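Here's the structure, in structure tokens; my notes come after.
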Amino acid sequence: MVRHFLDLMDFSNEEVYKMIDLSRKLKRADKLGACPKILEDMSLGMIFAESSTRTRISFEVAMTKLGGHGLYLRPGEIHLGKSETVKDTALVMSRLLDAVEIRTCEDEDIAELAEHADVPIINGMGTYLHPVQCLCDLVTMSEHLPEGKELSDITLTFIGDATIYENVGTALSHILPRLGANFIYAVPEGYEAEESFYAPVQKAIEEGGGTFSIMHDPVEAVKNADYIYSSVMWYEGFDSDREKRTKDFLPKYQINEELAAQAPDHAMFMHYLPAQRGYEMTDAIMDHERSLLWDQAENRLYGEMGLLVYLLEPLKKKASAEVKAQETARIETWIAENM
Ligand code: CP
């Protein structure tokens with residue numbers, strides 16, 4: 001049965017570590033100019049119902065570097081959910097493509113596409129989860145581990161919004177405790193998670209032995225942090241409550257030099273981007289020598305290369321050299337006799 005990538009938690013810890021390892025090996029090969037064309041002849045459809053810089057660019061470049069092809073499918077360009085049902089689009093795409101990445105605020109469209117597709121569907125960010133960002137961030141953290149620590153030992157403090165609409169925070173708060181690590185949310189009053197949020201977190205803690213906590217004091221929250229993560233205070237286009245959020249978050253829940261001084265000297269700064277410079281994070285932190293922001297953006301490419309190879313290589317049609325030669329000869333003979 002085909003495996004979709006809707007939630008990183010659908011993959012075991014062992015598989016997550018394998019994807020991280022594979023991503024780093026592909027990164028090394030690419031940096032040497034020796035990236036293997038493992039996905040030659042394979043095609044990824046990329047549906048973007050919402051805007052994107054990193055996801056849009058990195059998936060297409062990932063397919064190109066691996067010898068395949070990424071097709072950008074703009075909103076309005078395909079019939080999905082308008083002139084034809086999501087199910088029919090899924091059935092057609094399954095005949096024409098090897099995998100489909102989709103970004104949309106309609107989580108039910110992602111689920112429905114996956115229900116009917118028999119090629120892998122990759123969640124390129126929905127409302128609830130951003131599993132691709134989460135995997136790529138694990139790649140980044142694995143490259144920048146505090147001395148003497150493994151991913152299973154780290155503490156990540158996420159400053160922002162713990163409602164279920166914080167899709168990166170939600171994804172990280174599931175996987176890190178399952179890896180054995182510690183996840184701390186520092187949120188203003190009123191930005192705590194809904195009750196339903198805690199069931200997967202509790203399951204992750206039971207399975208992996210890590211911890212999860214939520215607090216309102218950012219100083220307390222960062223005092224043992226290896227990584228201090230921030231999310232965007234508002235998205236352009238989804239910012240009707242911009243004024244309220246700004247008032248609720250600033251200045252206490254901003255990652256700035258004053259807050260950073262309360263964290264261990266090695267603490268590193270993370271943000272999935274795009275950021276509102278000077279709001280959730282100051283320029284000094286974004287451009288700090290311990291900022292991982294640009295590594296995170298770069299690793300969107302390599303984490304996705306690892307993911308694509310992990311999902312698609314087993315599905316690749318692998319004709320022997322003999323079969324390839326026979327088929328080429330058959331077609332060349334037909335052309336010679338008929339054209
Ligand atoms: N972090 C992230 O998903 O960035 P984009 O919205 O630019 O794809």
If we keep only residues of the range 295-330 that are small (Gly, Ala, Ser) and closer than 26 Å to Leu135 by Cβ, then the residue farthest from the ligand (Cβ to nearest atom) is Gly306
Among the residues of the range 219-228, is there at least one that is among the basic types (Lys, Arg) and surrounded by fewer than 21 Cβ atoms within 10 Å (Cβ to Cβ)? yes
Picked from the range 192-218 (must be part of a helix (DSSP H, G or I) and over 10 Å from Pro177 (Cβ atoms)), the residue most open to solvent (accessible area, probe 1.4 Å) is Glu195
Scanning the range 62-89 for residues that are more than 12 Å from Met46 (Cβ to Cβ) and of a type in the set (A, V, I, L, M), the one nearest to the chain's Cα centre (by Cα) turns out to be Leu66
If you go through the range 245-267 one residue at a time, do you hit one that is among the hydrophobic types (A, V, I, L, M, F, W, C) and more than 30 Å from Leu145 (Cβ to Cβ)? yes
When the range 21-61 is checked residue by residue, the ones that are more than 16 Å from the ligand (Cβ to nearest atom), in a loop (DSSP other than H, G, I, E, B) and open to solvent by 30 Å² or more (accessible area, probe 1.4 Å) are Leu32, Gly33, Ala34, Pro36, Lys37, Ile38, Glu40, Asp41
Those helices (runs of 4 or more DSSP H) completely within the range 85-181 that have 1 or more residues that are over 21 Å from Gln202 (Cβ atoms) and either of a type in the set (Phe, Trp, Tyr) or within 16 Å of the ligand (Cβ to nearest atom) (or both) are 107-116, 131-143
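Scan the range 261-294 for residues that are in a helix (DSSP H, G or I) and either away from the ligand (no atom under 16 Å from the Cβ) or open to solvent by 50 Å² or more (accessible area, probe 1.4 Å) (or both) and jot them down. Break it down stepwise before answering.
Within the range 261-294, the subset in a helix (DSSP H, G or I) is 283-286, 293-294.
Scanning the range 261-294 gives Asp283, Ala284, Ile285, Trp294.
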Given the conditions (1) closer than 23 Å to Gly180 by Cα; (2) open to solvent by less than 50 Å² (accessible area, probe 1.4 Å); (3) in contact with a strand residue (DSSP E or B) (Cβ under 8 Å, 6 or more places away or on another chain); (4) assigned to a loop (DSSP other than H, G, I, E, B), every one holds for Tyr253 apart from (1)
Output for Cβ contacts, cut-off 8 Å, separation at least six or different chains, first residue modelled with pLDDT of 95 or more in the range 193-222, second surrounded by fewer than 12 Cβ atoms within 10 Å (Cβ to Cβ), reads His216/Glu189
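Please verify whether Val232 is farther than 15 Å from Leu172 by Cα, open to solvent by less than 70 Å² (accessible area, probe 1.4 Å) and in a helix (DSSP H, G or I), treating the condition exactly as stated.
No; evaluated as a whole, the condition is false for this residue.
The values are calculated or read from the model by the stated rules, or taken from the named source; none is laboratory data. Quantities reported herein were computed from a predicted structural model and do not represent experimental measurements. For neighbour counting, all protein chains shown are included, and Cβ atoms are generated from backbone atoms with ideal geometry for every residue, glycine included. Calculation scope for accessible area: heavy atoms of the full protein, side chains included, ligands and nucleic acids excluded. Shrake-Rupley method; radii C 1.70, N 1.55, O 1.52, S 1.80 Å.
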